[in-house]
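Heads up, the thing below is written out as structure tokens.
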Amino acid sequence: MVRRAERSLGVAIREGQEIGTIASRSTAAHIAATNREARKRGDQEVLDPKSLPSASSFFTSGDDGNKTYSVTDDVTDSEFDAALDAAKEERNLSRANVVRVSIRSTDAMRTSP
């Protein structure tokens, strides 16, 4: 259940970044560039860089985010389910093992005919 929750959090963050409700690196860069241009024109800053929550605010450490994204980014639901099933068979549902099995399962599914 914990691994599914971690994946769901990662998927929700990525979806939020895609629609613009959670800041991403590209959002932050866009805000900074827009504000720089506004200052050059003598205008007030247009966008508040803190107006959107950052993805890191959902994690206790940067490493948590990286590990969550490793079972989120470029991993389909079926690939994740297969990795979770394999980890269950191994009786090792640790995050590190699910990530390892996910990578192995994803590679195998993508190379099979």
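The values are calculated or read from the model by the stated rules, or taken from the named source; none is laboratory data. Quantities reported herein were computed from a predicted structural model and do not represent experimental measurements. Virtual Cβ from ideal backbone geometry, glycine too; neighbours counted across all protein chains shown.
The residues of the range 4-60 that are among the polar types (S, T, N, Q), without any contact (Cβ under 8 Å) to a residue 24 or more places away in the chain and under 30 Å from A96 (Cα atoms), listed by number, are S8, S26, S56, S57, T60. Condition first: closer than 15 Å to G65 by Cβ and in contact with a Pro (Cβ under 9 Å, 6 or more places away or on another chain). Now tell me which residues in the range 3-27 satisfy that. The answer is G16, I22, A23.
For the range 73-103, the set of residues classified as buried (at least 21 other Cβ atoms within 10 Å of the Cβ) and of a type in the set (D, E) is empty. Here's a check for you: in the range 28-50, which residue that is at pLDDT below 80 and exposed (fewer than 10 other Cβ atoms within 10 Å of the Cβ) is farthest from K67 (Cα to Cα)? That would be Q44.
R4 meets the stated requirement of being basic (K, R), assigned to a helix (DSSP H, G or I) and modelled with pLDDT of 85 or more.
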